[in-house]
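> Please read through the structure below; I'll follow up with questions.
The values are calculated or read from the model by the stated rules, or taken from the named source; none is laboratory data. Not measured: the values here are computed from a predicted model. Glycine gets a Cβ as well: all are built from the backbone with ideal geometry, and neighbour counts include every protein chain shown. Surface areas here come from the heavy atoms of the whole protein model, side chains and all, with no ligands, DNA or RNA. Shrake-Rupley method; radii C 1.70, N 1.55, O 1.52, S 1.80 Å.
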Amino acid sequence: RKMEARRVETGIYRPTVGPTRAYAQPDVPIPAGMFAQFLDLPLLRGDETAHAPWLAASATPWRGPVNVFMSASDAGYRLNSTFRAPSVVGDTLDDLQPAQPWTWSRQPAVHVKVYGGVLQSRSKLEVLNGANTLALRASGASDWEIVQFRDAELVGTGIYALSGFLRGQAGTEFLADAVVPAGADLVLLDSGPGQIDLAPADRGLTRNFRVGPARLPYTDPAYLHFEEAFDGVGLRPYAPVHVTARRNAANDLQIAWIRRTRRGGDVWTGLDVPLAEESEAYMVRVTASQVLVREWMVETPQAAYSAADQTADGIATPFELEIAQVSAGFGTGPFARITVDD
């Protein structure tokens, strides 16, 4: 057997004469600048728990693992999750202008202030493979838009100029046609944030959370208290695309569209993308001047608005057609819209 030994001078351990000193245990709670943010996000990779929310926790400096305790009331908490890495979080300092979703934006750089880490430029290929993904939410809004950026230039302490955006990712394109005012929350999703445990039966129910340093009990003042309810946005269907409406000889309006999927949509080997739902269903609406005229359900990506129904509705062009996929678990997803003007 191998053995190792080290000689130590005995005098090192002899007491020395001098004043008595008291050594207190170091107190290292999360500093006052701690940040914790719950996020109800769509699926990003496809292998996440669809209904479970995410948490981003950050502090400068990072003092170690953060625990999340959950309870139905503000008592009797149980440990839910532990997060060992900080998240990069921050705020936008400029307005983010509307942009065509899924295409590289050429708008001027947007300045952001971040905490808990750094941002860096990535190649187009890296971005298209999921790098530099942000969750972005305007102040007072409920929905998080998934945005990616290509270029990050450090211009000050924790301040970056971001450009080369891809807006409306992961089914959030319905948010891309609006200005996101300065002061919006942002969370870098590349690392740090993770999902907490949430039973499917708890979706939509308000739950109490305490988030704080793992070395302290959840009753410590360093813990942050939240009351949150989550819709389970990972279950939300995507809006259809390529909606068309054509009249036939009888003046019936033939409507068609292409469905999308929350999971497995980047696989090109099959004839169609996976359904990722219990059944296929769509809601079709006819609106005029933002007033609902008619609404019905279909089970295939096509519908007909007959001439007789148009006459009964007293509809006149222009009017809007709206189509949304319906999930048995979530309900109606975002609507795709076109205007019929002839």
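> What 222 nm value per residue comes from the helices of the chain, counting each DSSP H run with n ≥ 4 as -39,500 (n - 2.57) and dividing by all residues, nearest 500 deg cm²/dmol?
After summing the helix terms and dividing by the residues of the chain, the value is -1000 deg cm²/dmol.
> Next question. Just one of [x] 29.3; [y] 15.9; [z] 18.8 is mean projected area of the Cα convex hull in nm² as worked out from the coordinates here. Which one is it?
The value computed from this structure is option [x].
> Set Lys and Arg Cβ to +1 and Asp and Glu Cβ to -1, take the dipole of the chain about its Cα centre, and tell me which of Ser139, Ser87, Pro101 lies farthest positive.
Farthest towards the positive pole: Ser87.
> In addition: Using the Cα centre as the reference, give the magnitude of the dipole from point charges on the C-beta atoms of region 225-339 (Lys, Arg: +1; Asp, Glu: -1; all else neutral), rounded to the nearest 20 debye.
My answer is approximately 400 debye.
> Between Ala328 and Ala250, what is 0.36 nm times their sequence separation minus the Cα-Cα distance? Round to one decimal in nm.
24.6 nm
> Determine the distance separating the Cα centre of region 86-110 from the Cα centre of region 203-226; give it in Å without decimals.
31 Å
> Can you give me the % of accessible surface on the chain that is carbon or sulfur? Probe 1.4 Å, all protein chains present, nothing else counted.
Exposed carbon and sulfur together represent 51 percent of the surface.
> Please identify the longest segment of the chain free of exposed GluC sites (Glu not before Pro), where exposed means a DSSP state other than H, G, I, E or B and no more than 16 other Cβ atoms within 10 Å.
49-277
> Further, regarding this structure: Considering the dipole of the chain built from charges on the beta carbon (Lys and Arg +1, Asp and Glu -1) around the Cα centre, which of Trp62, Thr311, Ala184 is farthest to its positive end?
The residue sitting most towards the positive pole is Trp62.
> Between Ala229 and Asp309, what is 0.36 nm times their sequence separation minus the Cα-Cα distance? Round to one decimal in nm.
24.7 nm
> Find the accessible area per residue for the chain; the probe is 1.4 Å, ligands and nucleic acids are left out, and the unit is Å².
Result: 56 Å² per residue.
> Multiply the residue separation of Ala316 and Ala178 by 0.36 nm, subtract the distance between their alpha-carbon atoms, and state the gained length in nm to one decimal.
Full extension of this stretch gives 46.8 nm more.
> Right, here's the next one. Pick out which of Asp94, Asp266, Asp220 has the largest mean-square fluctuation in a Gaussian network model of the chain, springs linking Cα atoms closer than 10 Å.
Asp266
> Please give the FRET efficiency for Ile338 paired with Leu271, using the beta carbon to beta carbon distance and R0 = 22 Å, rounded to the nearest 0.05.
0.25
> Please report the relative contact order for the chain, taking Cα pairs under 8 Å with a sequence separation of at least 6, and give it as a percent rounded to a whole number.
Normalised by residue count, the contact order of the chain is 17 percent.
> Sticking with this one: Distance between Cα centroids, region 230-308 to region 116-139: provide it in whole Å.
31 Å
> Explain nothing, just the number: relative contact order of region 144-271, from Cα pairs under 8 Å at least 6 residues apart, as a whole percent.
That works out to 15 percent.
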